[in-house]
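Contents: one structure, followed by commentary.
The values are calculated or read from the model by the stated rules, or taken from the named source; none is laboratory data. The shown structure was predicted, so the numbers you read here are calculated from the model rather than taken from an experiment. All Cβ positions, even for glycine, are placed from backbone atoms using ideal geometry, and neighbour counts span all protein chains on display. Keep in mind that these areas ignore ligands, DNA and RNA; they rest on the heavy atoms of the full protein, side chains included. Shrake-Rupley method; radii C 1.70, N 1.55, O 1.52, S 1.80 Å.
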Amino acid sequence: AAPVAEAPRETGEGRRRYAMDQVDTVPSVMGQPRPDYPYRARRRNIEGWVKVRFLVDRDGRVHDLTILSSSPRDVFDAAVKEAIPRWRFKPGIRFGRPVDVWVETTIRFKLD
């Protein structure tokens, strides 16, 4: 996943949020259920991808999910929005402590 170009900023709780290139250890996936392949897309043999951005907090939970782009548009977005909040991570580490980290990644949908 590519680093997110955003400077750290204070949240309402006074917690900093970091880009992946600002931490010593990036968040790593512990549990990652695959998004369901939409029935209509499967039936029509449609493949595609969804590029997303989300925050992995210091407890390894996902917040603030945003769809950055997708192709074809809106075909796979709902499946991604439903699946990613269930993902769990080992949190990002900065100076030996867990921190909130922005993650950007692309989920691909391919037929078998």
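Computed extension length for K81-D21: 19.1 nm, one decimal, from 0.36 nm per residue of separation with the Cα-Cα distance subtracted. For the chain, the 222 nm mean residue ellipticity estimated from helices alone, with every DSSP H stretch of n ≥ 4 adding -39500 (n - 2.57) and the total spread over all residues, rounds to -2500 deg cm²/dmol. Once all protein chains are placed together, D64 keeps about 70 Å² accessible to a 1.4 angstrom probe. Taking a straight Cα-Cα cut-off under 14 Å and skipping sequence neighbours fewer than 8 places away in the same chain, the aspartates and glutamates within cross-link reach of K90 are D24, D57, D59, D100. Note on surface exposure: L55, L111 rank L111, L55 by accessible area, highest first, 1.4 Å probe.
Of the residues V75, V99, ranked by 1.4 Å probe accessible area with the largest first, the sequence reads V75, V99. What the chain shows is 61 Å² of accessible area per residue, with the surface traced by a 1.4 Å probe over protein heavy atoms. With a 1.4 Å probe rolled over the protein heavy atoms of all chains, the accessible area of T105, T66 falls in the order T66, T105, largest first. Our summary gives segment 30-79 a relative contact order of 38 percent, counting only alpha carbon pairs under 8 angstrom and 6 or more residues apart.
Here the calculated FRET efficiency for R42 and T105, from their Cβ-Cβ distance with R0 = 22 Å, stands at 0.50, rounded to the nearest 0.05. Percent of accessible area on the chain owned by carbon and sulfur, 1.4 Å probe? C and S atoms contribute 46 percent here. Taking every C-alpha pair closer than 8 Å and separated by at least 6 residues, the mean separation divided by the residue count of the chain gives a relative contact order of 38 percent.
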